[in-house]
Structures are given as structure tokens and as C-alpha cells.
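Taking it in order: structure first as C-alpha cells, then the write-up.
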Amino acid sequence: MASSTEINPYEADPEKIPTTDRYVAEPLYGRCLPRTNDFKPDLRHVNSRSPKSLQYWAFVLEQCNASNRIYENIDGGRDVFALGGVIIKSSHLRERLEGRRACRNYSFADKNELQATAIAKRSLTSVKLRVPEIYFADKINDRDVLVQERIPGVGLNITWQYLSQDQKVAFKEQARGILNQLRKIKPPNALNHAAYLEPDPDPVYHRGIQDVEADILFSSENADSHLCFMHNDFSMSNTIVDQDKIAGLVDWEMAGYFSYKTAAEVHVKIRSPKRENYAALNLPEDFLEDLMFWSNIYA
């Protein structure tokens, strides 16, 4: 481990993370440094459901355990694993699923992600933004499994602790540029209402979103008809950065055709911390401003 004075904000090598880093105990979380011996998926089995391919992906899943788990879902949902050049989302380590997320049907989100990444790749080449390849999105042993590309770089939420104010402002401006690029993508002519790419009759049940989010997105009172393609979860943790540039955007499961105004409302009310939740802690104003900094990227 390196000392904090030597840290490069975009350091992705686990061996060079300083002991004072907020995420030092989770060296694989939000950091990806490609290596020649990294696991890479066999392209013959990408998005294939043949018996041989399902057997292959089951073998890949067996390589995911507590040692390379970067997120444990204690509510009965899927854990997240980092295996070489891929990210794998699966609940296979649990014999029984228990908790408020145990009933989630991830197939809706996975199909949505598959479609959304395809649209994003075609549209974001001009801003040189990487979108992860989806290698597998189907069931193994009757559990939904998603395997996607792991984009090199560092999560913006990870590197935030080391950035200057000027760097933070620059990243916000880059995010706004990406949002403006996305809003140029219009829905098919036949679509005249807000919708995910994969039709979902009950996103609260299937996706685990809050009722208030569903109301913002789909309420009949939402009369904004200026629909465009929105990522709809543009959080710092989904933003991969490298050398002062946003290098990638991941987790497109919530993407769809929504108005820019609606996506902004979801971002502020659902995705961002709320100042009032910290009122009793008497935190310094500069700390609170930094905490809320990403909440107005849609401004």
C-alpha cells in the first residue's frame, strides 16, 4: 500500500492504494486496472443460450466467491463480483433468498440494460465514452445472472476524495455534456409516453424502485411529452473516470425514454442525498455542499 501523499487520484492498482483511502478494505470496488492474465470471456459464448454456452457461464459463475465480491446485497438481491475483465451480478452464493429484494425479477432490468447499452454505444462514440459490453444476461440454475465488461478506470465516487474543486467542476460539466448528447436521442415514433426500453408492468415489484420514483416517471400527472433517451441513474458510482476525463458510464438498467425534466427530478429526489437528512448533525457547510455537489448535473 502507498502513503496518502503519493496517491494518484486515478490509481487503479490495488497494491498502490494508500492505507488512508476510504475504500482501502475493498480494493476491487470501483477500480479496474487491466492485466494480461485477466479473465476474459470466450467470445463463442457471448449472449448464447446453447447448452454448451450455459455450461460455460455456469463454470464462470463458480469462480465468483466472497474473495472477489465487491458488493454484498444483504436484502436478498444479487451480489456483484469482479472477475478479471468482467463484472458479474448473481445471487448464486445464497441457497435461499430472503429479504425485501428476494422477490425481484432481474430479467426486466437485464433485458433493459442489453437494449440500452446498444443504443448508447451507437450514440456516444463522438464523446469517446465507453459503455460496457453485455456478455450474458439469462438464468443459471433458475437465477438471473448478468455478465458485463469491466471498464478500466476508477469510479468517480472513489476518486472524489482526492479531487480539487476545479476537477470536480470539470467533471460536472463533462456529465452535462453527456446528458445533452443523450437527450438528442428520440424515441421511436410509435412511443408517446415515458417508458423503459423493456416494457415492465410493475417496476416497483420487479426493479425494486420506490413508489415515489414510479410516480415521478409514470404518473398521469406527468404531462411532459418531450421524451428522450436518459440513463436515469447517472450517479458518481456509475461514472468511470481516468486522467480528468469521464471514461465510461455503467449500469443502464434504469434507462429509458423519459423527459429531461423527469430524469432530473428522479436524480434530485431519489438518486441524490438530501440536505435535510443531515440537519441534526451540524456538519460544516462546505462538507454539505460537497455532499450535494452532483445533485444538480441536470441544471
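The values are calculated or read from the model by the stated rules, or taken from the named source; none is laboratory data. Everything numeric here is computed off the predicted structure, so don't read it as measured data. Counting neighbours? That spans all protein chains shown, and the Cβs are built from the backbone with ideal geometry, glycine included.
One residue is enough: does the stretch 115-128 have a residue meeting the conditions assigned to a loop (DSSP other than H, G, I, E, B), closer than 19 Å to ASN238 by Cα, of a type in the set (Lys, Arg) and not assigned by TED's automatic domain parsing to the domain that holds VAL250? Checking the stretch 115-128: at least one residue is assigned to a loop (DSSP other than H, G, I, E, B), closer than 19 Å to ASN238 by Cα, of a type in the set (Lys, Arg) and not assigned by TED's automatic domain parsing to the domain that holds VAL250.
The helices (runs of 4 or more DSSP H) found wholly in the stretch 181-266 and carrying at least 2 residues that are among the hydrophobic types (A, V, I, L, M, F, W, C) and modelled with pLDDT of 95 or more occupy 211-218, 260-266. Hey, any hits in the stretch 195-210 for a residue that's surrounded by fewer than 16 Cβ atoms within 10 Å (Cβ to Cβ), free of Cβ contacts under 8 Å to residues at least 12 places away in the same chain and closer than 28 Å to ALA82 by Cα? The answer is yes, given that some residue of the stretch 195-210 is surrounded by fewer than 16 Cβ atoms within 10 Å (Cβ to Cβ), free of Cβ contacts under 8 Å to residues at least 12 places away in the same chain and closer than 28 Å to ALA82 by Cα. Scan the stretch 276-293 and give yes if some residue there is under 18 Å from the mean Cα position of the chain (by Cα), closer than 23 Å to ILE158 by Cα and not assigned by TED's automatic domain parsing to the domain that holds LEU124, otherwise no. Looking for residues that are under 18 Å from the mean Cα position of the chain (by Cα), closer than 23 Å to ILE158 by Cα and not assigned by TED's automatic domain parsing to the domain that holds LEU124, one finds none in the stretch 276-293, hence no. Reported count of residues in the stretch 267-299, each being hydroxyl-bearing (Ser, Thr, Tyr), in a helix (DSSP H, G or I) and under 25 Å from LEU179 (Cβ atoms), is 1.
For the stretch 97-128, the tally of residues that are among the aliphatic types (A, V, I, L, M) and either at pLDDT below 95 or touching a Lys or Arg at 6+ places or on another chain (Cβ under 7 Å) (or both) stands at 5. On the given criteria, is GLU98 assigned by TED's automatic domain parsing to the domain that holds ALA66 and in a helix (DSSP H, G or I)? It is false that GLU98 is assigned by TED's automatic domain parsing to the domain that holds ALA66 and in a helix (DSSP H, G or I).
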